[in-house]
Amino acid sequence: QVQLVESGGGLVQAGGSLRLSCAASGRTFSSRAMGWFRQAPGKEREFVAHISARGGDTDYADSVKGRFTISRDNAKSTLSLSMNALKPEDTAVYYCAASNYDLGSRYDRDFGAWGQGTQVTVSS
């Protein structure tokens, strides 16, 4: 099983940038697609981005496309999410997740391991 720990969240003004990181332990990281999800207060958890096990395929929610970039370093067992042009509606707890498959998915039911989350707050 893989264990995930997110970092990099914080408070930023609208238009600013943040970079989230997710450190993974365990030997299966490089064989699993990875994803980022987020949950805002009073809302359901939603898909943000995913990346395939080898990093060749990525997918983004329409709300973040062109502003966020997901990447991974299999040698270091790390996943990142670079967030630019942040908006107040990006405020949420962001979760790193490891898929049960090598190809990514937009559905959280396809992800078997989750981090504890990191808070991102964007002020207007």
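Observations
- Complete set of residues in the stretch 99-124 that are closer than 28 Å to residue 16 by Cβ, assigned to a loop (DSSP other than H, G, I, E, B) and open to solvent by less than 20 Å² (accessible area, probe 1.4 Å): 115, 117
- Tally, over the stretch 43-97, of residues that are of a type in the set (Gly, Ala, Ser) and either touching a helix residue (DSSP H, G or I) at 6+ places or on another chain (Cβ under 6 Å) or in a strand (DSSP E or B) (or both): 8
- No other residue among 35, 55, 66 is open to solvent by 40 Å² or more (accessible area, probe 1.4 Å) and farther than 15 Å from residue 121 by Cβ apart from 66.
- All positions within the stretch 83-106 that are under 13 Å from the mean Cα position of the chain (by Cα) and over 12 Å from residue 48 (Cβ atoms): 98, 99, 105
- Residues of the stretch 26-63 satisfying the condition of being out of contact with any Cys (no Cβ under 7 Å at 6 or more places or on another chain) and of a type in the set (Phe, Trp, Tyr): 29, 37, 47, 60
- Unique residue being at positive phi and either among the aliphatic types (A, V, I, L, M) or in contact with a Ser or Thr (Cβ under 6 Å, 6 or more places away or on another chain) (or both) when the list is 85, 24: 85
The values are calculated or read from the model by the stated rules, or taken from the named source; none is laboratory data. Since the model is a prediction, treat every value here as computed from it, not as a measurement. Neighbour counts run over all protein chains shown; Cβ positions are idealised from the backbone, glycine included. For the accessible areas, the whole protein counts, side chains as well, though only heavy atoms, and no ligand, DNA or RNA atoms are used. Shrake-Rupley method; radii C 1.70, N 1.55, O 1.52, S 1.80 Å.
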